[in-house]
1. Confirm whether Val207 is outside the structural domain of Leu276 (by TED's automatic domain parsing), among the β-branched types (Val, Ile, Thr) and touching a Lys or Arg at 6+ places or on another chain (Cβ under 7 Å).
2. Can you find a residue in the range 113-129 that is in contact (Cβ under 8 Å) with a residue 24 or more places away in the chain, under 21 Å from Leu57 (Cα atoms), surrounded by 18 or more Cβ atoms within 10 Å (Cβ to Cβ) and touching a Leu at 6+ places or on another chain (Cβ under 6 Å)?
3. Can you tell me which of (1) among the small types (Gly, Ala, Ser); (2) surrounded by 13 or more Cβ atoms within 10 Å (Cβ to Cβ); (3) modelled with pLDDT of 90 or more is the one Ala359 doesn't meet?
4. Looking at the range 229-266, which of its residues are among the acidic types (Asp, Glu) and either at pLDDT 95 or above or exposed (fewer than 15 other Cβ atoms within 10 Å of the Cβ) (or both)?
5. Kindly provide the set of residues from the range 30-42 that are surrounded by fewer than 16 Cβ atoms within 10 Å (Cβ to Cβ) and either of a type in the set (Asp, Glu) or in contact with a strand residue (DSSP E or B) (Cβ under 7 Å, 6 or more places away or on another chain) (or both), ordered by number.
6. Test of understanding: among Leu288, Leu274, which residue is under 30 Å from Gly41 (Cα atoms), in a helix (DSSP H, G or I), at pLDDT 95 or above and touching a helix residue (DSSP H, G or I) at 6+ places or on another chain (Cβ under 9 Å)?
7. Going by the structure shown, is Leu157 surrounded by fewer than 16 Cβ atoms within 10 Å (Cβ to Cβ) and either outside the structural domain of His65 (by TED's automatic domain parsing) or touching a helix residue (DSSP H, G or I) at 6+ places or on another chain (Cβ under 8 Å) (or both)?
8. Checking the condition closer than 17 Å to Gly19 by Cα and in contact (Cβ under 8 Å) with a residue 60 or more places away in the chain, which residue from Leu279, Leu213, Leu248, Leu274 passes?
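The values are calculated or read from the model by the stated rules, or taken from the named source; none is laboratory data. This is a predicted model, so every value here is computed, not measured. Ideal geometry is used to build each Cβ from the backbone, glycine not excepted, and the neighbour counts take in all protein chains shown.
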Amino acid sequence: MNPTTLPRGDFLPVLKERGFFKQCTDEAALAELLAGEKVTGYIGFDPTADSLHIGSLLQIMLLVHLQRHGHRPIAIAGGGTALVGDPSGKTELRKLLTLEDIEANLTGIKAQIAHFVSFGDGPGDGLLLNNADWLVGWSYLDFLREVGRHFSVNVMLSRESVKQRLETGLSFIEFNYMILQAYDFMVLNRDHGCRLQMGGDDQWGNVVSGVDLTRRMNRQEVFGLTSPLITTATGAKMGKTAAGAVWLDERRTSSYDFHQYWINVDDRDVVRFLGLYTLLPMDEVRRLGALQGADLREAKRVLAYEVTRTLHGEPAALAAEQAAAALFGGGGDAQGIPSSSRPATDLAGDGLPLIDALADAGLAASKGEARRLIRQGGIRVNGEAVADECAR
């Protein structure tokens, strides 16, 4: 995505107008800083899978807006913090990843973020870093002496992300995550002049801890800003469907299925999602959001096309749009619909197992994934839900 330089001081007003703004540590001082100079801000992404999903897309768009307003974004691929696991918003301990798992996941995630944000050595470019570079080399005792001494256990226990987990059980390794994330902010401020940390509102306690640690160790005023946790109008978690998460990787979620997710959003979510997930001018967002009845389908079409185009490119967005028209409107080109070819002999006798068909067509990443989708009610054939894993 090519960055477009807009007035630096408009960054916070734009975030508020588009629905990104939730909390800020010192809004007035941050607004003054953003208006007066180029500010470096960061967001972290933990590589818990080899692809991000659309739950992360809101944070990526925050970096996009930061860069479009002439500031410098830093994306942290959390190769170090992923060894611990973020307890925020979780009810149980994450599966601990190996270094090999993390390294494989980082490859895909870095490429996805770089698709949206311009990284490099140019004056308008951002930085893409891995916090393993400054976390993994520490010895435990040295880290406790140099960093841990700045933290109050009483304050840590008061953070919402910790309090929620204390009810179900919080491991000691997860309890340390807040310190590691705070240390990231201090390092980025010290080494790259970073003055702003952003994230989802479930990260507020971690963000505030980073602001405090940076002030203590670097003696510099820094800021934290969080965005709302996005749920759909029905209360569902953003990006979750009966078929599972909606991934940014084409291999996990095809561009057609990605496009269909946005086409099928609740009518009440359209204007909000247009503001958050596209770069359309807000006047156009409001015009589309004001459409009623059957005309609202046009707003959904624009939403699906714009988000798919931004992620997968214009050809893929057009192909997904034409495939949907072929399936549901009796016109268009069906070439973009996920499919596979099988010899007629495979369909003889009892026919082809449904789990094979789903995996071959790319509608499920594997046969195991196909079974899970069937069990969860995420598969329909000719409009009818299929509950039998052995169906043919």
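1. On the way: outside the structural domain of Leu276 (by TED's automatic domain parsing): yes; among the β-branched types (Val, Ile, Thr): yes; touching a Lys or Arg at 6+ places or on another chain (Cβ under 7 Å): no.
So Val207 fails the test.
2. Yes, because at least one residue in the range 113-129 is in contact (Cβ under 8 Å) with a residue 24 or more places away in the chain, under 21 Å from Leu57 (Cα atoms), surrounded by 18 or more Cβ atoms within 10 Å (Cβ to Cβ) and touching a Leu at 6+ places or on another chain (Cβ under 6 Å).
3. Against the list (1) among the small types (Gly, Ala, Ser); (2) surrounded by 13 or more Cβ atoms within 10 Å (Cβ to Cβ); (3) modelled with pLDDT of 90 or more, Ala359 comes up short only on (3).
4. In the first step, residues of the range 229-266 are kept if they are among the acidic types (Asp, Glu); the result is 249-250, 257, 266.
The one that is among the acidic types (Asp, Glu) and either at pLDDT 95 or above or exposed (fewer than 15 other Cβ atoms within 10 Å of the Cβ) (or both): Asp266.
5. Glu32, Glu37, Lys38, listed by residue number.
6. On the way: Leu288 fails: under 30 Å from Gly41 (Cα atoms).
Just one listed residue meets the conditions, Leu274.
7. Numbers: surrounded by fewer than 16 Cβ atoms within 10 Å (Cβ to Cβ): yes; either outside the structural domain of His65 (by TED's automatic domain parsing) or touching a helix residue (DSSP H, G or I) at 6+ places or on another chain (Cβ under 8 Å) (or both): yes.
Criteria met by Leu157.
8. Details: Leu213 fails: closer than 17 Å to Gly19 by Cα; Leu248 fails: closer than 17 Å to Gly19 by Cα; Leu274 fails: in contact (Cβ under 8 Å) with a residue 60 or more places away in the chain.
Result: Leu279 is the single residue among Leu279, Leu213, Leu248, Leu274 that is closer than 17 Å to Gly19 by Cα and in contact (Cβ under 8 Å) with a residue 60 or more places away in the chain.
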